Structure formats: structure tokens, C-alpha cells
Amino acid sequence: RVPQVQPRAEELSELYRELSQHPGLSAACLGPDLTTQYGGKYCSLYTEWSQRDLARAENIKFCRQYLIFHDGASIVYSGPAGTCSEIKDELLSRESPSGTLKAVLRKVPGKEKEKEKQFLEVWDQNRKVKSIDLTALDKHGSVYDDDQFGCLAWSHSETHLLYVAEKKRPKAESFFQSKAPELGTSDEDTGHPKKEDAPVKVGSSHPGSGGGWLCGCGADQAVPQGEQFVYHEDWGETLSTRSVPVLCVLDIEGNSISVLEGIPEHLSPGQAFWSPEDTGVVFVGWWHEPFRLGLRHCTNRRSALFYVDLTSGSCELLSEDTRAVWSPRLSPDGCRIIYLENNVLGPHQQCSRLRMYDWYTKHTSTVLEAVPRQAWGAFPGIYCGALPGMCWAADSRRILLDTAQRSQQDVFVVDTATGTTTSLTADAPQGSWSVLTIDRDLLVARFSTPSCPPMLKVAVLPAAGHEAQTQWICLQDAPPVPGITWGIRTLQPPPEQEHPQYGGLDFDAILMRPSEGPTAQKPPLVVMPHGGPHSVFTAGWMLYPAALCRVGFAVLLVNYRGSLGFGQDSVASLPGNVGTQDVCDVQLCVERVLQEETLDASRVALVGGSHGGFLACHLIGQFPDTYHACVVRNPVVNIASMVATTDIPDWCLTETGLPYKPDALPDAAQWTEMLHKSPMRYVDQVRAPVLLMLGEDDRRVPPKQGLEYYRALKARGVPTR
């Protein structure tokens, strides 16, 4: 046996500190083209990064600028312009279409006992020209800065800004609350309107607007009594402060804010942008009747594309109203809107359709259908949470997107007229590629691997038909982390574990191994199944697996059947088979690598969160001889007790294989089936010590799930904390 050398806690924390200093690349924006005195073209590239600051115990954001010299067909020279600087209190930012103005939503700490404020700023080249206290104007609640509803969109004329905020809710009082009469005369008493309550004439400073009017909202309302404890629904995990979103417009010249009227009461609007000619606003509307379900990571909620006309106030449906849609993107010529579409309910993440709406013919077409099975050399299907904010090529015909292709992520160009697809990364290094932006056919992307932190890559998109010749240039390198080797292996389930309807499906796993250190010859193994269950590990940079590998563990990341990137058949094979098919896939993979690799089979541990925690708890119960330790974060342990407390009750029934209807109550047989598929069924067989990490405010997998497991383990004498 190889002698076991245990690293000290100080060494581990120092290693983690070192690895956590590798920043993540989150956003990029290209400035306008400028011409040098010699006739060459160049532009600036603004990038945003995030990094853990362990001393401050927070994630920080910083920016860095680069210069790109190009001739329209290739990049002549590129390099950084100056050093990094931290971004403080910036919630949203967006450059105007011309690149000369920039809008910033900023939070400002309140003085003394004041609440935190939100300011909307407009910057013009080297100075701030507007700073508007949104909190003081009191037209609405907090502005949404999330990527589910939130937006900050310039009108094409650059005179107005569009954003989403929480609807103003009058402050309720007790029936018995007494208030001293106020002295003096208010604006209402004199009959003079307050300046900020005047209606805003949208587009009055540019032609073609139709001179429409918006309603200035926020006039004083009667204070409702006895309603201070009324329950208001929200949109669930990470969206608990989002209840009733409204679309808001800032008239930059008039310094006034108004709330759009005309949006149907049964819809929650978001992801909005200005229509061509600024005649109105296009938005995604989510149905919230009979009640709101969790929306984060749920691309199966009923929603549609709408247009609200600013002249008439009418609201028009642009897409089918029986589907789930998101990520609408307007082409540069203003003629087409591309968007993603899924079926309503069913698995929360699926292989999506790419749809296109023609603004002038009002015709909707399907550009790409869902793909039943992944095949190398063919397009794998779309499995992305969102399209890039800027995804259109300059020809207004092609779009760029990234998507999972089994256990890697690649960039594709899609011809929206023909539906043909071409990989831009087929001949590039294997790993995880993501599109950050494309503007005037300058393409900016992120690339990483399990042993290499994120790098910044740029390219010029070649002319149609020549996309495979894309030449990537590294603008910001990241040296590979030493001591890590990795590879992807494919596994086929044995005949008795084949799905009766979806036979012939295979799956992948990424194996990372330490290549140096005292355990490199025969390392212990950490098994990590992903959550979801319909998500995927792609071969990109992941801090925790990298840290474990550097410490001396081999790490096995399993993409069991049901993962994204393998075709819609794989996704559809899992509902009704959780707790068996996914568990058997992970166990098969573990047994296979223990046979084929030199690993220490006496030291195998499990790590997983959410559905990954569900699988880890299943595995230590169903295969207690294989695993010797288990760490789970917010695990699902009892689907039957989770269904009434989670923000996604539909998940509990769908993954159990049962139909979901908002008004249906599970019967005794359905409760039994949910319990039968849960890890709690096998708790009597658990012997491995278990560390539970529970988020106190988790709405998706409430902490009561983990505490239920904790008590069951304690009662059986299993070491747990």
C-alpha cells in the first residue's frame, strides 16, 4: 500500500486560497471602431471578471480593457490597455448603440438609518451627465438586476432607457395605527402636479415615434389598513424579492420616469427591449396564475413574446401562448427576433427549439428543432440557459451560440435562413467554450478546461460558408494548473439497465487525476454526480474538483443518462426512473474506473448538491460497501415531504414519473411512489459518515430535507454533522 500522507489544514487552506485567485470571465463589450492616422481600424474591448476575495469573504467584480486592431477580415494586433480596477456597487451597465454613452444602475449605501438607494447614471465619454435617485422618486420598488427578468435597454435614438422594477406597493398600516396630522400644504392640496408625475412623451426628440404617451405612476395612494401581513407570492429561489415586475422608462432629457401601462394583469414582464423605430417595447411575459412557481433554472414555465405599442397602449402576442419562451434577440437590421422555446412543464431543462419572428411579415418559423440523439459531426442541439446578449452577425442572417456537446461545450454559427450549423471550435482545443459577445463580426469568447482557468479569446467571424476557418487569438492567457490530468470516458449501460423506450443511450464521465504528489500513483477517489438532474458537467474550469485534485484525490464527474448535451431522448429517459437509472449509471462508472485505473478502492467518497446530493445519499444506502465518506449540500432525501415545501412542486412529480397539475393533490399511491424513489428508503443501510451542508434560506431544497436525514442518521448511530 502507498503510505497515506495527510496534508495539514493550513496547507489545504493555502492551496484553496491560491486556486480561488483564478478569476472567472463573466462579460465583454466591444466599443465602436476608430481609425488611426494611418488608416487602420481598432476598437476597445471592455471585460468584466469575478474573483473570490477570501479576506473580505465576498465575490468581487473587476474590469479590464483591451485594444483590438483589425482590418475587417483578421485581427492584426491585440493586447491589454492598462491594469484591472474593481467595480463597486454596480448592479447593471449597458453601452448605448453608438458606444458614446453608458448607463449604469448603482446601489448606494444609505446614510445613518437610511435604506440602501438605487441610482441610474448616464455617462458620456469621460464624465457623468445624469445621476437619478430612483429610490427618492418612488415610482416603483427595487430595480431588477437579475438575468431572469432584468434588462437595461437603450432606445435606438439613445434618448430613453428601459428597465424592469418591482411594482410600487402602498405601505399598509394597522387598523389601530395613529398618525399625527401633517402641517403645511402638499402638492395635491394645491392641485399642481409634481414634476416627476407628469406624463413622459416617449420619442418626442426623434422622428417615427408616433408621439405616444406613457402613464406616470406613483401618485399617492390611500394607505390600506389591516393588510400589513398579507402574503405576496414571489418567483422562488434567488428571486424571493421578485413578485410583480413592471416595465419602466427613463426619459433622459426630461429627467422623468414612467411605468408602462397596457401589460395584461396575468403576466409578469421581463427581458424587454425596444422595437424597431422605438414605436414600442418587446418583452417576455410569464403567466403567474393560478400561482407562481420557481423560475430560476426552469425553462419550462408558460411564457410568450409580446409587443406593447406606446402610441395605442395595446399589447400584441407575437409567439404561441402555449409554450415556454425566453432570450429574445433583435437582429441588427431590426427585421427579425430570434428566441428559444421549450414545452411547458416536463423536465425543467430540455433540448430547446430555436424560433424566429419576422417583424414585418409577422411570420414565425422554426430555425432548429430539438435533437433526439447527439451524433459527432452533427449539431448536438441547444442546451443553454440563455443566448448571448449580442448574438447576431453583421449580416443579420447568422447567429452565434454555445451549447453542451456531451461533456464539452462548443461554439456554433447558425444560418437562420437555412438552419445549417457550423462549429467554430471543432478544430480548437477540447474543453468548454462560451460566446461572450459578437459585434460587427468581432467575436469574443471564453475558454477553459478542468486544468486551465478561463482565458479570453477573440476572432473575426469569416464570411458565410467559410466559418470553419475561424482563427482564435488568445487575448488573456491563464497558465495551466500543474499536477492535474483529465480525460472523458464514455460508458454503455448493461442490457438489463437499458431504458425500454429509449434504448442504446450511453453517457460520459470526466476523470481528473493528480499527476504529482505522494498519492499520484494510487489516489483516493471523490465521486461527484451533478444536480438538476437535467444539467451537465462540461470539461471547463471548476474550482472544487481542481482543489481536490491538487490535494491528491482523483475526481470523477458523472454525466449520467438524463444529462444535457446528449439529445432529448436522454433527457426524457430519466423522469420516472430517478433513484434507479441515474444511481446505476453512477455506480457502473465508479466500478469501471476502479477496475481500469490505479485508484485506492478503500477510500472512495461522494460529494454532491441538490439532485447530486439525492444521488450521493442513494449510493451510500444502496452500495454501502463502496463508499467510505459522503458530503452533501442541500440534498433531496424525501421527495414526498419536499413536494409541499419547495418552490418547484412540479419537479417532485415530474421526476417521479407522475403528471403535474396545479390543482391536483397526490393520492396515497403517488405519495408512496415519491417515498419509494427517495434516498430515505435506504437509510437503514448507510454506514459512511455524512457531512450535511444546508442553506438556511434555500427555497428549492429546503433545509428541512437535510435535517430529516440528519435525524434519521443520528437515530441509527451513523456519524453525521
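Only the Cβ atoms of Lys and Arg (+1) and of Asp and Glu (-1) were treated as charged; on that basis the dipole of the chain about its Cα centre amounts to roughly 1540 debye. Distance between the C-alpha centres of region 300-343 and region 139-168: 17 Å, rounded to the whole angstrom.
Given their separation in residues at 0.36 nm each and the Cα-Cα distance between them, residue 60 and residue 714 gain 231.5 nm when the chain is fully extended. Normalised by the number of residues in region 484-716, the mean separation of alpha-carbon contacts (under 8 Å, six or more apart) gives a relative contact order of 18 percent.
Quick one: with all protein chains in place, what share of the accessible area of the chain is carbon or sulfur, to the nearest percent (1.4 Å probe)? Roughly 52 percent, rounded to a whole number. With 23 Å as the limit, the listed pairs 88/113; 102/168; 107/139; 88/139 have 102/168; 88/139 beyond it between alpha carbons. Close lysine pairs were tallied over region 484-716: pairs 8 or more places apart or on different chains with Cα atoms under 26 Å apart number 5. Remark on residue 323: its backbone amide H falls under 5 Å from those of 303, a criterion applied only to residues 5 or more positions apart or on other chains, H modelled at 1.01 Å from N. Each Cα pair under 8 Å and six or more residues apart adds its separation to the average, and for the chain the resulting relative contact order is 8 percent. Considering only beta bridges that DSSP places wholly inside region 484-716, some 45 percent are antiparallel. Placing pseudo-labels 7 Å out from each Cα toward the beta carbon at residue 363 and residue 320 gives an inter-label distance of 1.8 nm. Each of the chymotrypsin sites (Phe, Trp or Tyr not before Pro) that DSSP puts in a loop and that has at most 15 other Cβ atoms within 10 Å breaks the chain; the longest unbroken stretch is 377-721.
With the simple spin-label model, which puts each label point 7 Å out from Cα in the Cβ direction, the residue 644 to residue 253 separation comes to 6.0 nm. Label-to-label distance, residue 231 versus residue 515, with points set 7 angstrom from Cα along the beta-carbon direction: 5.6 nm. The candidate values are (i) 14, 34, 29, 15, 6, 2, 0; (ii) 13, 38, 27, 15, 6, 1, 0; (iii) 15, 47, 32, 5, 0; the one derived from this structure for P(r) over Cα pairs in 20 Å bins from 0, in percent carries the label (iii).
Given 4 °C and 1.567 mPa s, how large is the Stokes-Einstein diffusion coefficient of region 484-716 in µm²/s, with Rh as the Kirkwood radius over Cα pairs? Show your work: numbers first, answer last.
Numbers: Rh = 18.0 Å.
Approximately 72 µm²/s, per Stokes-Einstein.
A viscosity of 0.890 mPa s and a temperature of 25 °C, combined with the Kirkwood radius over C-alpha pairs in the Stokes-Einstein formula, give region 284-433 a diffusion coefficient of 150 µm²/s.
Select from region 219-259 those GluC sites (Glu not before Pro) which occupy a DSSP coil region and have at most 16 other Cβ atoms within 10 Å, ordered by residue number.
Here the GluC sites (Glu not before Pro) that fit, given the DSSP loop and packing criteria, are 227, 233, 253.
First measure r as the distance between the Cβ atoms of residue 98 and residue 373, then evaluate 1/(1 + (r/R0)^6) with R0 = 51 Å and state the FRET efficiency to the nearest 0.05. So the FRET efficiency works out to roughly 0.65. As a calculated quantity, the FRET efficiency between residue 223 and residue 114 at R0 = 25 Å, using C-beta atoms, amounts to about 0.70. Once the chain from residue 671 to residue 418 is taken as fully extended at 0.36 nm per residue, the excess over their C-alpha distance is 86.3 nm. Multiplying the residue separation of residue 10 and residue 85 by 0.36 nm and subtracting their alpha-carbon distance yields 24.0 nm.
The values are calculated or read from the model by the stated rules, or taken from the named source; none is laboratory data. These numbers were taken from a predicted model, which means no experiment stands behind them. We place every Cβ from the backbone using ideal geometry, glycine too, and count neighbours over all the protein chains shown. Calculation scope for accessible area: heavy atoms of the full protein, side chains included, ligands and nucleic acids excluded. Shrake-Rupley method; radii C 1.70, N 1.55, O 1.52, S 1.80 Å.
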